[in-house]
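In what follows, a structure is listed as structure tokens, so that the remarks can point back to it.
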Amino acid sequence: MLTYLKEVFDSFSSRVILGLAIILVVGFQYMFWYGEGGYYDHQRLMQQIQQQDDVNNELKERNRILGAEVYDLKNGAEAIEEHARLDLGLIKPHETFVQMSTISTQYQSTYVEPNNQKDLSNNEDEDSPDFH
């Protein structure tokens, strides 16, 4: 077999044809992997499409929530009252307002017994506006 290949590629024209075939294969491989619309370009575009799809899904969810909120504001008084309570601090007559914060997990009680006659002036904070 080796002698047959040696005889076939002895002529100049067959070497030129082999060289051109190798150049064409290398050129096509380069275009497939690195050319415009090639494999890496396609992968980059697919990644951008996936990222944009994720952004679009988040925006669709936000729009759905805003649409539901608009519907509630147009059709129900409860949503208006809720916004007035949270944003404007609405308190009805004979109602006690209690606000709870979930920022800190460390809770220290600040309740003072009404009958306890301790002097509380020693516990003033340096940052309090009354202290300065």
Options 55, 26; residue that is under 27 Å from the mean Cα position of the chain (by Cα) and in a helix (DSSP H, G or I): 55
Selected residue [in a helix (DSSP H, G or I) and surrounded by 11 or more Cβ atoms within 10 Å (Cβ to Cβ)] from 71, 4: 71
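Give region 42-60 a look and list any residue that's of a type in the set (D, E, K, R) and modelled with pLDDT of 95 or more, or say none. Give the derivation first.
Of all residues in region 42-60, those of a type in the set (D, E, K, R) come to 44, 53-54, 58, 60.
Answer for region 42-60, where residues must be of a type in the set (D, E, K, R) and modelled with pLDDT of 95 or more: 53, 54, 58, 60.
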Residues satisfying the stated conditions in region 8-25, i.e. surrounded by 10 or more Cβ atoms within 10 Å (Cβ to Cβ) and charged (D, E, K, R): 15
Close pairs (8 angstrom Cβ cut-off, 6 or more residues apart or separate chains): under 27 Å from residue 5 (Cβ atoms) and touching a residue at least 60 places away in the same chain (Cβ under 8 Å) in region 15-41, in a helix (DSSP H, G or I) and charged (D, E, K, R) anywhere: none
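The values are calculated or read from the model by the stated rules, or taken from the named source; none is laboratory data. Because the structure is predicted, anything quoted here is derived from the model rather than measured. Because the Cβ atoms are built from the backbone with ideal geometry, glycine has one as well, and the counts that use them run over all protein chains shown.
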